[in-house]
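Working notes, beginning with the structure itself.
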Amino acid sequence: MIPFLDLGQINKPHQERIRQAADRVMESGWYILGREVETFENSFADFCGTRHCIGVANGLDALTLVLKAWDLPDRSEVIVPANTYIASVLSVTLAGLKPVWVEPDPHTCLIDPAQIEAAITSQTRAILPVHLYGRCCNMDPILELAEQHQLYVLEDAAQAHGAIYKGKRSGNLGHAAGWSFYPSKNLGALGDAGAVTTNDAELASRIRALRNYGSLQRYVNEYVGNNSRLDELQAAILSAKLPFLSAENKRRQMLARQYLTGIKNPAVLLPPADQVSDDAWHLFVIRHPHRDRLRAYLQERGIGTDIHYPVPPYKQKAYAQYSHYALPIADQLHHEVISLPLNPALTDEEVSYIIDSINRFEKNG
């Protein structure tokens with residue numbers, strides 16, 4: 001059996017460092033907003049190439065707090081990709097803003113910059129590109145549009161730890177970025193955790209306050225804030241794992257190359273292979289016109305898979321008011337995508353077996 005994801009195996013090489021980190025936190029007697037959080041914030045900012053990193057409770061809060069910190073007028077419009085996890089959109093509505101959906105590029109599955117301009121109105125205040133699956137969006141045209149129309153750009157980098165766009169790391173491409181360190185991420189905590197990165201000192205200060213009840217000074221509250229603090233334990237664990245992220249991403253890239261060169265089934269549409277060494281390869285997502293049949297076949301052969309995602313946000317009951325939207329490219333993707341196992345614990349032999357199984361699947365779909 002090859003599981004889609006085995007977090008125990010992924011964290012096994014880090015077990016001793018994680019234990020030491022946990023012991024250090026326990027013995028310190030300081031568990032919220034202390035030295036461990038500050039250390040991780042500094043290290044992750046250096047990793048991303050940004051001036052500031054602010055640890056928060058989770059990835060959804062990271063995005064939401066940025067949108068709140070910008071203090072946009074109620075119901076301002078934020079352009080979001082139609083193909084994304086629902087958290088990207090939840091951040092918009094939780095901040096009292098309105099999502100405006102834009103179709104993905106069918107080749108990359110990321111927001112299509114060519115379709116963004118038509119979605120911009122006098123109410124648009126921000127663009128939220130999502131670096132889905134570990135690949136950076138095509139940021140140059142997005143940033144050009146943002147400058148032309150005086151819009152903020154908020155990266156959703158939850159799946160793109162260490163991904164590179166034209167020599168710069170994700171999280172340092174827009175005005176700010178939201179990060180998730182959910183356990184399954186390339187850099188995963190042992191629980192919920194998140195962060196914001198930015199080069200804007202004023203924004204960073206405001207988010208530091210907003211995550212802590214709107215307070216920078218004890219018992220003095222400048223803003224109506226949240227309780228969204230990265231705790232010392234998760235920060236210490238992330239600090240223990242961060243030095244190994246680049247090497248683990250390289251392993252993901254090696255496995256991605258193995259898939260890209262080995263899968264020969266003509267009915268399978270592979271992800272782009274033009275920047276293997278820049279992508280973080282959080283997920284390896286293929287497409288097949290009979291996705292469910294392929295998934296059942298792989299399960300019979302002992303291969304675990306997942307679907308990212310079976311239902312798009314605008315088709316969820318939570319956003320029923322958007323269910324009538326015509327987004328045919330996103331709809332098609334959600335019927336065809338299937339994620340194959342890809343993580344540093346996976347062996348070359350396991351990937352070869354998965355490739356052979358896919359190549360043996362009814363080649364004409």
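Going by the conditions given, is residue 74 among the acidic types (Asp, Glu) and at pLDDT below 95? Judged against the criteria, residue 74 is a match. Scan the range 18-41 and give yes if some residue there is within 30 Å of residue 175 (Cα to Cα), surrounded by fewer than 14 Cβ atoms within 10 Å (Cβ to Cβ) and without any contact (Cβ under 8 Å) to a residue 40 or more places away in the chain, otherwise no. Scanning the range 18-41, I find no residue that is within 30 Å of residue 175 (Cα to Cα), surrounded by fewer than 14 Cβ atoms within 10 Å (Cβ to Cβ) and without any contact (Cβ under 8 Å) to a residue 40 or more places away in the chain, so the answer is no.
Does the range 318-326 contain at least one residue that is open to solvent by 40 Å² or more (accessible area, probe 1.4 Å), in a helix (DSSP H, G or I) and without any contact (Cβ under 8 Å) to a residue 24 or more places away in the chain? Yes, the conditions are met somewhere in the range 318-326.
Does at least one position in the range 153-164 carry a residue that is out of contact with any helix residue (DSSP H, G or I) (no Cβ under 9 Å at 6 or more places or on another chain), open to solvent by 10 Å² or more (accessible area, probe 1.4 Å) and part of a strand (DSSP E or B)? Yes, there is a match, as at least one residue in the range 153-164 is out of contact with any helix residue (DSSP H, G or I) (no Cβ under 9 Å at 6 or more places or on another chain), open to solvent by 10 Å² or more (accessible area, probe 1.4 Å) and part of a strand (DSSP E or B).
Count of the range 219-237 residues, restricted to those that are surrounded by 14 or more Cβ atoms within 10 Å (Cβ to Cβ), among the hydroxyl-bearing types (Ser, Thr, Tyr) and over 15 Å from residue 62 (Cα atoms), is 1. Picking from 102, 80, which residue would you name as being buried (at least 21 other Cβ atoms within 10 Å of the Cβ) and touching a Phe, Trp or Tyr at 6+ places or on another chain (Cβ under 8 Å)? Only one candidate passes the filter, namely 80. Annotation: of all residues in the range 105-145 being of a type in the set (Ser, Thr, Tyr) and open to solvent by less than 60 Å² (accessible area, probe 1.4 Å), the one that is farthest from residue 285 (Cα to Cα) is 124. Residue 281 meets the conditions (1) farther than 18 Å from residue 110 by Cα; (2) under 18 Å from the mean Cα position of the chain (by Cα) in every case but one. The failed one is (1). Hey, can you tell me all the residues within the range 277-311 that are closer than 30 Å to residue 245 by Cβ and either touching an Asp or Glu at 6+ places or on another chain (Cβ under 7 Å) or open to solvent by 60 Å² or more (accessible area, probe 1.4 Å) (or both)? Within the range 277-311, 277, 287, 295, 310 qualify. Quick test for you: out of 209, 189, 256, pick the one residue that is small (Gly, Ala, Ser) and assigned to a loop (DSSP other than H, G, I, E, B). It is 189. For the residues 78, 102, the requirement of being without any contact (Cβ under 8 Å) to a residue 24 or more places away in the chain and either under 18 Å from residue 203 (Cα atoms) or among the hydrophobic types (A, V, I, L, M, F, W, C) (or both) singles out 102. Within this structure, residue 127 fails the test of being closer than 20 Å to residue 322 by Cβ and touching a His at 6+ places or on another chain (Cβ under 8 Å).
The values are calculated or read from the model by the stated rules, or taken from the named source; none is laboratory data. These numbers come from a predicted model, not from an experiment. We place every Cβ from the backbone using ideal geometry, glycine too, and count neighbours over all the protein chains shown. Surface accessibility is based on the protein's heavy atoms, side chains included, excluding ligands, DNA and RNA. Shrake-Rupley method; radii C 1.70, N 1.55, O 1.52, S 1.80 Å.
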